[in-house]
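Chemist: Structure below; questions to follow.
The values are calculated or read from the model by the stated rules, or taken from the named source; none is laboratory data. Keep in mind that this is a model prediction, so the values were computed, not measured. A quick note on method: Cβ atoms are made from the backbone with ideal geometry, for glycine too, and the neighbour counts reach across all protein chains shown. Side chains included, ligands, DNA and RNA excluded: accessible areas come from the protein's heavy atoms. Shrake-Rupley method; radii C 1.70, N 1.55, O 1.52, S 1.80 Å.
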Amino acid sequence: MWRGFLSMTRQEQLQQFSRLLDVLDELRVKCPWDRKQTNESLRSNTIEETYELCDALIKNDKPNICKELGAVLLHVLFYATIGSETGAFDIGDVCQKLTDKLIFRHPHVFGEEAAANAEEVSKLWEQIKQKEKDGNKTVLSGVPSSLPALVKAYRIQDKARNVGFDWEERSQVWDKVKEEISEFEAEVEHMDKERATAEFGDVLFSLINAARLYKINPDNALELTNQKFIRRFTYLEQQTLKQGRDLKEMTLTEMDAIWEQAKQLERGLRVEHDYSLKHHNTFGLDITCKQFIEYHNEDQLHEALSMRGERWMQIGGGSNLLFTTDYYDGTILKSAIRGREILPTSSIPSPQGGDARRAVGVRCGAAEPWDDFVAWTIRQGLYGLECLSLIPGEVGASAVQNIGAYGAEAGQYIHAVHTIEVATGKPRTFTREECQYAYRSSIFKHELVGQYIITHVDFLLSCEFTPTYSHRAIPEGLTTAEEVRQAVIDIRRSKLPDPAELGSAGSFFMNPVVSTEKAAALQADYPDMPQYPVVDGVKLPAGWLIEQAGWKGRGITSHETDTAPTNKEQARVHDKQALVIVNHGSARPKDIVKLAKAIQEDIQEKYGIALQPEAIFL
């Protein structure tokens with residue numbers, strides 16, 4: 001991923017340029033291939049490199065733009081080197097002439113002329129070119145004859161405009177376009193190929209003129225369409241091959257259907273109907289939704305929102321969801337916004353408060369897998385999230401759920417949450433304070449549920465590793481973030497099922513927080529019950545409560561009948577971690593709901609505590 005760069009000083013830039021000249025001089029002497037090159041032998045390669053640069057520019061591929069600019073620069077320097085060998089000119093002469101030309105053609109910057117906007121500058125240039133020594137004698141003689149026809153048409157019309165030969169209102173061009181199309185159609189009717197060719201040229205010329213008037217580069221526009229057609233047709237071929245068929249055997253209707261799929265993908269929206277969500281919830285429940293829309297950026301999110309209908313739900317990795325029925329009669333929106341970037345650094349208070357430390361801002365797309373993000377931050381030398389390793393789900397969900405483990409919570413390190421308001425489509429950035437983070441809670445989970453969709457999350461992480469874990473399960477004496485991360489991973493793998501192998505939503509229930517009085521009463525009855533004082537009371541481990549109630553490894557009979565089950569106990573409490581409910585392969589939503597309700601009722605009866613699900617019921 002292209003993440004930008006730190007700009008060199010002017011002295012450093014000159015040093016790099018000088019080094020490049022030295023390398024080129026040495027190659028010219030010592031390399032047989034470089035030594036034999038001439039202006040004529042390089043010309044075709046120069047054209048090829050220029051087109052490769054243009055291709056990178058069209059795609060806005062920044063790494064390749066940088067690379068191809070270097071390739072073009074190499075050719076410029078090569079021609080200058082050849083010129084110096086014949087005594088004609090060298091790179092210094094090239095730079096001097098270019099500098100003089102720029103100063104001469106910008107009298108509004110380096111002289112007394114005035115130009116208020118780009119259009120006035122363009123007209124001024126044309127006037128200057130007419131005055132230059134050995135300049136063009138006519139307005140259009142400066143257009144190179146070897147230019148591609150489309151580019152040449154654009155340049156001809158642009159030069160004519162600079163001397164006042166243009167429409168008074170740009171909307172007038174459409175009358176000309178319609179006139180030329182009508183004349184072309186007439187010649188087609190007459191079957192006169194020569195005259196039809198001429199009229200078709202007039203149609204193209206008028207459309208290029210329209211593009212100029214509406215500030216559209218026609219060459220770029222046509223190339224974008226070329227690339228679009230290639231992508232769509234390639235998709236058509238690939239899908240046809242997947243079906244074991246040949247394009248020649250398909251009807252136009254069949255090809256049109258696949259073409260429409262390609263257009264949806266081209267827009268970046270993936271739109272499916274009656275779509276299985278089995279791979280979009282970590283329980284692995286085979287749920288079907290009425291409509292599924294996946295988007296890749298904010299623009300596509302706006303389009304997805306316009307298509308969502310009355311009933312809809314935004315999901316992430318599905319690691320904290322429980323669908324309660326086999327069919328969701330609505331639209332599921334799924335983010336595919338990825339990307340991670342380091343923001344400019346600054347000296348600010350530690351994300352956890354306390355002494356000021358140097359911290360770095362990191363922005364992450366909502367659809368990035370959480371654990372991949374944690375691993376990446378550690379590789380970048382940024383610390384704080386290591387105790388949250390191996391938690392399933394995506395970054396966007398971490399900002400909603402305020403995920404936590406082993407003494408750390410995501411909300412401690414979140415600096416800002418970037419969102420789109422569903423009702424208006426307007427962007428809004430929430431500060432950490434505005435997110436109202438609390439234990440497994442945020443404003444997005446309660447007051448503003450369903451009102452905003454998260455696109456990116458900013459974190460503040462420390463450049464210095466300081467062990468912050470306080471959980472007794474993590475060994476003491478760990479000195480690096482990598483060691484802490486691995487310890488957490490080992491613990492989680494020893495206790496928690498891998499969702500890829502055994503469906504679950506991780507911790508199904510939240511640890512209840514009770515009053516100090518209630519905690520004291522429970523302690524008297526259950527001396528071994530672990531208790532953890534918190535700001536608003538005492539936190540009790542839900543897993544301990546469930547295990548002590550005898551639910552560890554247990555399930556309930558299936559969704560069929562209690563007397564003749566065919567799917568017996570497919571929903572069960574995990575045999576290693578009582579806080580986790582698992583799907584042993586073919587459980588249905590009602591099985592898990594039934595088991596969760598039975599556990600809640602039992603814990604209420606035994607301990608007088610109401611367990612609240614951490615999983616979101618849909």
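Chemist: Kyte-Doolittle mean at least -1.0 and Cα extent at least 18 Å along the axis: which DSSP H helices of the chain qualify?
Modeler: Details: long enough: 10-30 (30 Å, -0.76); 39-59 (30 Å, -0.60); 62-85 (34 Å, 0.62); 91-104 (20 Å, 0.48); 118-131 (20 Å, -1.19); 149-162 (20 Å, -0.76); 173-189 (24 Å, -0.72); 193-213 (30 Å, 0.20); 218-242 (36 Å, -0.91); 252-266 (20 Å, -0.59); 481-495 (21 Å, -0.75); 589-607 (27 Å, -0.76).
Span-like helices, by this rule, are 10-30, 39-59, 62-85, 91-104, 149-162, 173-189, 193-213, 218-242, 252-266, 481-495, 589-607.
Chemist: Okay, next question. Between THR479 and GLN15, 0.36 nm times their residue separation minus their Cα-Cα distance comes to what? Please list the in-between numbers first.
Modeler: Numbers: separation 464, 0.36 × 464 = 167.04 nm, distance 4.15 nm.
The span from THR479 to GLN15 would gain 162.9 nm if fully extended.
Chemist: Further, regarding this structure: D for the chain, whole µm²/s, Stokes-Einstein with Kirkwood Rh over alpha-carbon pairs at 20 °C and 1.002 mPa s: what number? It would help to have the intermediate numbers written out before the result.
Modeler: Working: Rh = 30.8 Å.
Answer from the Stokes-Einstein relation: 70 µm²/s.
Chemist: Sticking with this structure for a sec: Round to the nearest 0.05 the FRET efficiency obtained for ILE181 and GLU119 when R0 = 35 Å and r is the Cβ-Cβ distance.
Modeler: Working: r = 29 Å, r/R0 = 0.83.
Calculated value: 0.75.
Chemist: Highest mean first, how do 366-377, 165-176 rank when packing is the count of other Cβ atoms within 10 Å averaged over residues?
Modeler: Numbers: 366-377: 20.5, 165-176: 12.3.
Descending packing order for the listed peptides: 366-377, 165-176.
Chemist: Here is a follow-up. Within the stretch 585-600, find all residues whose amide N lies under 20 Å from a label point positioned 7 Å from the Cα of THR325 along Cα-to-beta-carbon.
Modeler: Backbone N within reach: 587-597.
Chemist: What are the aspartates and glutamates whose alpha-carbon lies under 20 Å from the alpha-carbon of LYS97, with same-chain residues fewer than 8 places away excluded?
Modeler: Once the sequence-local aspartates and glutamates are set aside, what remains near LYS97 is GLU85, GLU126, GLU132, ASP134.
Chemist: With each run of n ≥ 4 DSSP H residues scored as -39500 (n - 2.57), what mean residue ellipticity at 222 nm is computed for the chain after dividing by its residue count and rounding to the nearest 500 deg cm²/dmol?
Modeler: Working: 19 runs with 272 residues, N = 618.
Helix contribution divided over all residues of the chain: -14500 deg cm²/dmol.
Chemist: Show the residues, 5+ positions off or on another chain, whose built amide H is closer than 5 Å to the amide H of GLY553.
Modeler: Correct list: VAL573, HIS574, ASP575.
Chemist: Sorting check: for 455-466, 80-91, 138-149, 100-111, which peptide has the highest mean count of neighbouring beta carbons within 10 Å, and how do the rest follow? Before the final figure, lay out each step's value.
Modeler: Values: 455-466: 20.0, 80-91: 14.2, 138-149: 10.7, 100-111: 12.5.
Going from most to least packed, we get 455-466, 80-91, 100-111, 138-149.
Chemist: I'd like the distance separating the alpha-carbon centroids of the stretch 482-510 and the stretch 136-163, in whole Å.
Modeler: What the calculation gives is 67 Å, centre to centre.
Chemist: Then there's this: For the chain, report the accessible area per residue in Å² (1.4 Å probe, heavy atoms, rounded to an integer). Let's see the in-between values first.
Modeler: Values: 34910 Å² over 618 residues.
Per residue, the chain has an accessible area of 56 Å².
Chemist: Take the alpha carbon atoms of the stretch 314-338, find their center, do the same for the stretch 76-100, and report the distance between the two centers in whole angstrom.
Modeler: Result: 63 Å between the Cα centres.
Chemist: By DSSP, what percent of the beta bridges with both residues in the chain are antiparallel, rounded to the nearest 5?
Modeler: DSSP beta bridges in the chain are roughly 80 percent antiparallel.
Chemist: Cα-Cα over 32 Å: which of LYS36/LYS159; LYS242/LYS334; LYS59/LYS159; LYS334/LYS518? Could you put the intermediate results ahead of the total?
Modeler: Values: LYS36/LYS159 40 Å; LYS242/LYS334 26 Å; LYS59/LYS159 28 Å; LYS334/LYS518 42 Å.
Violating the 32 Å Cα-Cα cut-off are LYS36/LYS159; LYS334/LYS518.
Chemist: In straight Cα distance, which lysines are under 21 Å from LYS552, not counting same-chain residues fewer than 8 positions off?
Modeler: Once the sequence-local lysines are set aside, what remains near LYS552 is LYS495, LYS539, LYS568, LYS576, LYS590, LYS594, LYS597, LYS606.
Chemist: Given contacts defined as C-alpha pairs under 8 Å and at least six residues apart, what's the relative contact order of the chain, whole-number percent? If you can, show how the numbers build up before the last one.
Modeler: Details: 923 pairs, mean separation 50.8, N = 618.
Worked out over the chain, it gives 8 percent.
Chemist: Suppose each label sits 7 Å from its Cα in the direction of the beta carbon; what would the ALA198-LEU140 distance come out to in nanometres?
Modeler: Computed distance between label sites ALA198 and LEU140 equals 1.5 nm.
Chemist: Also: Tell me, in nm to one decimal, what length is gained between LYS30 and GLU310 on full extension, where the rule is 0.36 nm per residue of separation less the Cα-Cα distance?
Modeler: Working: separation 280, 0.36 × 280 = 100.80 nm, distance 7.21 nm.
The span from LYS30 to GLU310 would gain 93.6 nm if fully extended.
Chemist: Through the Karplus equation 6.51 cos²θ - 1.76 cosθ + 1.60, θ set to phi - 60°, convert the phi angles of the stretch 315-331 into ³J(HN,Hα) values in whole Hz; use x for Gly and Pro.
Modeler: For the stretch 315-331, the Karplus curve yields 10, x, x, x, 7, 10, 10, 9, 6, 9, 9, 7, 9, 9, 7, x, 9 Hz.
Chemist: Next question, about the same structure. Using modelled amide H (1.01 Å from N, peptide plane; none on Pro or chain starts), what sits under 5 Å from the amide H of THR455, excluding residues fewer than 5 places away?
Modeler: HIS418, THR419, ILE420
Chemist: Let me ask another. Under 16 Å Cα to Cα from LYS290, which aspartates and glutamates show up? Leave out anything in the same chain fewer than 8 places away.
Modeler: Cross-link targets: GLU272, ASP274, GLU310, ASP326, ASP329.
Chemist: Ok, one more. Hey, can you rank 205-211, 179-185 by average C-beta count inside 10 Å, highest first?
Modeler: On the way: 205-211: 20.7, 179-185: 15.7.
Final packing ranking: 205-211, 179-185.
Chemist: 7 Å from Cα along Cα→Cβ at both LYS495 and LYS59: what's the point-to-point distance in nm?
Modeler: The modelled label-to-label distance comes out at 4.7 nm.
Chemist: Let me ask something additional. Name the residues whose placed amide hydrogens come within less than 5 Å of the amide hydrogen of ILE616, ignoring near sequence neighbours (fewer than 5 apart) on the same chain.
Modeler: LEU321, LEU322
Chemist: So, one more: What distance in nm separates the simple spin-label points at GLU298 and ALA149, each placed 7 Å from Cα in the Cβ direction?
Modeler: 4.3 nm
Chemist: With the full set of protein chains in place, find how many percent of the accessible area of the stretch 169-244 is carbon and sulfur; take the probe as 1.4 Å. Mind showing how you got there, number by number?
Modeler: Values: 2990 of 5350 Å².
Carbon and sulfur together cover 56 percent of it.
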